[in-house]
1. Could you say whether any residue in region 325-332 is touching a Phe, Trp or Tyr at 6+ places or on another chain (Cβ under 8 Å), at pLDDT below 95 and within 12 Å of the ligand (Cβ to nearest atom)?
2. Just to be sure, is A377 assigned to a helix (DSSP H, G or I), at pLDDT below 80, open to solvent by 40 Å² or more (accessible area, probe 1.4 Å) and within 16 Å of the ligand (Cβ to nearest atom)?
3. Just checking, how many residues over region 113-143 are part of a loop (DSSP other than H, G, I, E, B) and within 12 Å of the ligand (Cβ to nearest atom)?
4. Kindly list the number of the only condition in (1) in a strand (DSSP E or B); (2) within 13 Å of the ligand (Cβ to nearest atom); (3) under 18 Å from Y221 (Cβ atoms) that fails for L307.
5. The conditions are (1) open to solvent by less than 10 Å² (accessible area, probe 1.4 Å); (2) closer than 17 Å to R229 by Cβ, and R183 fails exactly one of them. Which is it?
6. Condition check: under 15 Å from A57 (Cβ atoms) and β-branched (V, I, T). Does V204 satisfy that?
7. Going by the structure shown, is F343 within 15 Å of the ligand (Cβ to nearest atom) and part of a strand (DSSP E or B)?
Amino acid sequence: MWRRRQRPAGPAPQVIVVGAGFAGLAAVQELGRAGADVLLIDRNVYSTFQPLLYQVATGGLNAGDVSYPARAFTRRHHARFRLGEVTGVDPAAREVTLADGSRFGYDYVILATGVSAAYYGVTGAAEHSLGLYTRRDAVELRNHIMARLERLDIAGPGREISFTVVGGGATGVELAGALAELRSTALDAAFPEVDLASVHIRLVEQGPALLLPFEPPLREYARAELAARGVAVRLGETITEVRSDRVVLASGEELPSDVTIWAAGVTVPAAVAGWDLPQGPGGRILAAPDLRVRGQQRIFAAGDLVLPGEQPLPQLAQPALQTGRHAARQAARLAAGQVAEPFRYHDKGIMATIGRRSAVVELPHRIRVRGTLAWLAWLGLHLITLLGHRNRLSALLNLSWRYLTWGHGGGVIVGDDPLPFLTDTPVPMGRAVGAGPAAGPVTAGRGGPAGRQRSLR
Ligand SMILES: Cc1cc2nc3c(=O)[nH]c(=O)nc-3n(C[C@H](O)[C@H](O)[C@H](O)COP(=O)(O)OP(=O)(O)OC[C@H]3O[C@@H](n4cnc5c(N)ncnc54)[C@H](O)[C@@H]3O)c2cc1C
C-alpha cells in the first residue's frame, strides 16, 4: 500500500497524462502520491496488458483478461479519467485538444501514447496484414485465424492454409510459438476434422537471427525450439510485398499466406507525429535527460514514445514504468520550485517465451536461464504484473486450461467470423495441396529481432 504524500503548499498542479498504458498508469500513481490534480486521457476506457495479447489472438485468453478499467485505476489514485483521442498539444496556450473539440488546460502534461506498427513502405503491408498492438487487434486476429480454420474444416481433406509472422523479435517469436501451440494442442479438440499437417506456420526475419537483443546461444535455442514445434523459420529474408493471399520476398519467391501478421517494427502513432515535437529514430519523441520534450518546459514524454538524452531505451514494460514514474516525479518537483533530475534506467533483465515449457531469460550479472524454469518465471511474472485480481485469476484459469488440459478442454475461445458469410460467399476455402507457391517457411521483417525483447518487471 502506498501512502498519499503531503500536498504541496498552494494550489495542486494540474497534470494531464495522455495514455493509460504502463507509463501513463505509473505516472498517475506517482502523481497521486504527490497530491497533484491529475487527469488521465485515453482513447479506450481500459488499459491493455500487451504482453499477453498473443494469447488472446490465439484463443487462449479472453480480451477482458488483459484489460483493466481506467476509471477503476484513477479512482484508486485520486485522479480523474476522460475518454478521448488527443489530437493536439498547444504549449503556448497550455492546452490539450481532443478529437471531439474539447480542450483541457494543464500546468504539466505527460505524453505516453505508446507506438503502433511501422510498415517501412512495404507494398500492401498495411492493407493485407494484421497487427498486434491493441486489444482490438488481438480480437480481430483471433477471429481471422479461427475463420480460416473453419473454412479449412469445411473444405475437407486436400486443402491447406498458411500463417506468416513477419519479424523475429520477441513479439514475432511468441506469436509464432503460440500459433504452433494452437496447432499442436487445441486444434485437435476445436477442429477434429482438420489435418494438422495442412496448417503451415512461418516466421520470416530479415536479420541473421531471432531475438537479437539476447545472447547468441539463447537466440539459437529459440530458433531450434520453434523449428521443433513445426514453425518454418526463414532468416535473412526480406518481404517486399504483402498480398491478400501471399507474401513476396526480395528474391522474387512468393509464399502463400492466408493470414499475415506484421510484427516487424514500430513507430509513433500518426497523430503524435503531427504534434510538431522533435522526433528521432523510429519517430520517437526526443527528450532531455529529465524526460522533458526537447525545447519544452512543461511537456514530458514517457514509455515507448520517448527517446531520452543519449539513452536508446528498449521499448518494453520496464522502461515504460520507470520513465512514467520519473516524469511524474519531475513534474511534482518543478511544481514545488525544485530542479528536475535526470532519468537513470535500472536494467532488470529481458525475457521471451516460445511456448509451453520453453522460454529464454537474461538477468543482470550474466544469469541466463532457458527451458522449463525460464517458462515458469515468464508465466509467474506475467500473471503477477497483470492488473487486477480478477484478471489474474481468470488468466490463471484460462492458461491452466490451455496448458494442463493439453487441448482436451474444448480447444479455444471462439469469436465472431469476420469473413463474408459462409453460405453466400466464394471466399477461398484454403488452397488445394500443392497449389500456388511452395508452402515453405518464412522470411524476415525490418527491425525484427531487435524490435522487442521482454524485460522483467
Ligand atoms: C504483442 C506485444 C507483446 C509484448 N510483450 C512484452 C513483454 O512480454 N514484456 C515487456 O516488457 N514488454 C512487452 N511488450 C512491450 C510493452 O507492452 C510496451 O513497451 C509497453 O506497453 C509500453 O507502454 P506505454 O505506456 O509506453 O504504451 P502503451 O502500453 O502502448 O499505452 C499507450 C496508451 O496510449 C493510448 N493512446 C495512444 N494514442 C492516444 C491518443 N492520441 N489519445 C489518447 N490515448 C492514446 C492507447 O490507447 C494506450 O492505452 C509487448 C508489446 C506487444 C505489442
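1. no
2. Judged against the criteria, A377 is not a match.
3. Going through region 113-143 one residue at a time, the tally reaches 7.
4. (3)
5. (1) is the only condition that R183 fails.
6. no
7. no
Every residue, every condition in (1) of a type in the set (F, W, Y); (2) over 30 Å from R151 (Cα atoms); (3) out of contact with any helix residue (DSSP H, G or I) (no Cβ under 8 Å at 6 or more places or on another chain), yes or no:
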site: V199; (1), (2), (3): no, no, no
site: Q206; (1), (2), (3): no, yes, no
site: R219; (1), (2), (3): no, yes, no
site: A250; (1), (2), (3): no, yes, yes
site: D258; (1), (2), (3): no, no, no
site: A264; (1), (2), (3): no, no, no
site: G282; (1), (2), (3): no, yes, yes
site: P289; (1), (2), (3): no, yes, yes
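The values are calculated or read from the model by the stated rules, or taken from the named source; none is laboratory data. As the structure is a computational prediction, the values presented were derived from the model and not from experiment. Glycine also receives a Cβ, built like all others from the backbone with ideal geometry; neighbour counts cover every protein chain displayed. To get the accessible areas, we keep the full protein, side chains included, count just its heavy atoms, and leave off ligands, DNA and RNA. Shrake-Rupley method; radii C 1.70, N 1.55, O 1.52, S 1.80 Å.
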